[in-house]
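Below you will find the structure I want to go over with you.
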Amino acid sequence: MRLVLVVAAALVDADGRVLMAQRPEGKALAGLWEFPGGKVEPGERPEETLIRELAEELGIEVREPCLAPLTFASHAYPDFHLLMPLYICRRWEGIPQSREGQALRWQRPGALRDLPMPPADLPLIPFLIDLLGP
Ligand code: C5P
C-alpha cells in the first residue's frame, strides 16, 4: 500500500484555541475541517514542508523551535496509508489569513468534535484535550 506523509500543525493561540481550516471544494474530503499542513514533496524535509505550507495557506512564518512533532496520526484509507505528524506551534510571525479560499476557525480542543473532520485527524483530538484542556 502506498504511504503518504502529510505534516500538520496545531497553531495554538493565547486562549488555547487551535486553528482549523476547511478543505475547499474540488479537493478530496471537501468541506471537512483539518489541521493546516500538507503533503511532504520528494526531497523535502518535513519541517520544510510545514514552513512552506503554512506560508502558502495562511501567510504566516513558523520557526524551527516549534517544529517538533509531539504525536502522529496514522490512518489506512482505501487507496493509501496516511502518516501525519502533528507539530505544536505557539509562536509565528504574521496573522493567519485564508490564502487559498479556505474557511478558518479558532476552536477549543473540546469543541473540535463539533466539526466534521477527516478520519485521520480525529485521534488527534484527545491528544490536544490532554495537552491544552477541553
Ligand atoms: O492535503 P492533501 O490533499 O494534499 O492531502 C492528501 C490526502 O491526505 C488527502 O486527500 C486526505 O485523504 C489526507 N489528509 C487527511 N487529513 C489531513 C490532510 C490530508 O486525512 N489533515
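The values are calculated or read from the model by the stated rules, or taken from the named source; none is laboratory data. Remember, predicted model here, so these are calculated numbers, not experimental data. Because the Cβ atoms are built from the backbone with ideal geometry, glycine has one as well, and the counts that use them run over all protein chains shown. Just so you know, the surface numbers come from the protein's heavy atoms only, side chains and all, with ligands and any DNA or RNA stripped out. Shrake-Rupley method; radii C 1.70, N 1.55, O 1.52, S 1.80 Å.
Restricting to segment 108-133, name every residue that is under 22 Å from Ala30 (Cβ atoms) and surrounded by 17 or more Cβ atoms within 10 Å (Cβ to Cβ).
Leu112, Met117, Pro118, Ala120, Asp121, Leu124, Ile125
Just one of the numbered conditions (1) assigned to a helix (DSSP H, G or I); (2) more than 11 Å from the ligand (Cβ to nearest atom); (3) of a type outside the set (Lys, Arg); (4) open to solvent by less than 30 Å² (accessible area, probe 1.4 Å) is not true of Leu11; which one?
(1)
Quick test for you: out of Glu53, Glu48, pick the one residue that is assigned to a helix (DSSP H, G or I), under 15 Å from the mean Cα position of the chain (by Cα) and within 14 Å of the ligand (Cβ to nearest atom).
Residue meeting the stated conditions: Glu53.
Now for a separate question. Tally up the residues in segment 72-95 that are more than 13 Å from the ligand (Cβ to nearest atom) and open to solvent by 30 Å² or more (accessible area, probe 1.4 Å), please.
6
Mind listing just one residue for me: the one in segment 14-31 that is surrounded by fewer than 17 Cβ atoms within 10 Å (Cβ to Cβ) and within 9 Å of the ligand (Cβ to nearest atom) and, of those, nearest to Ala55 (Cα to Cα)?
It comes out as Lys27.
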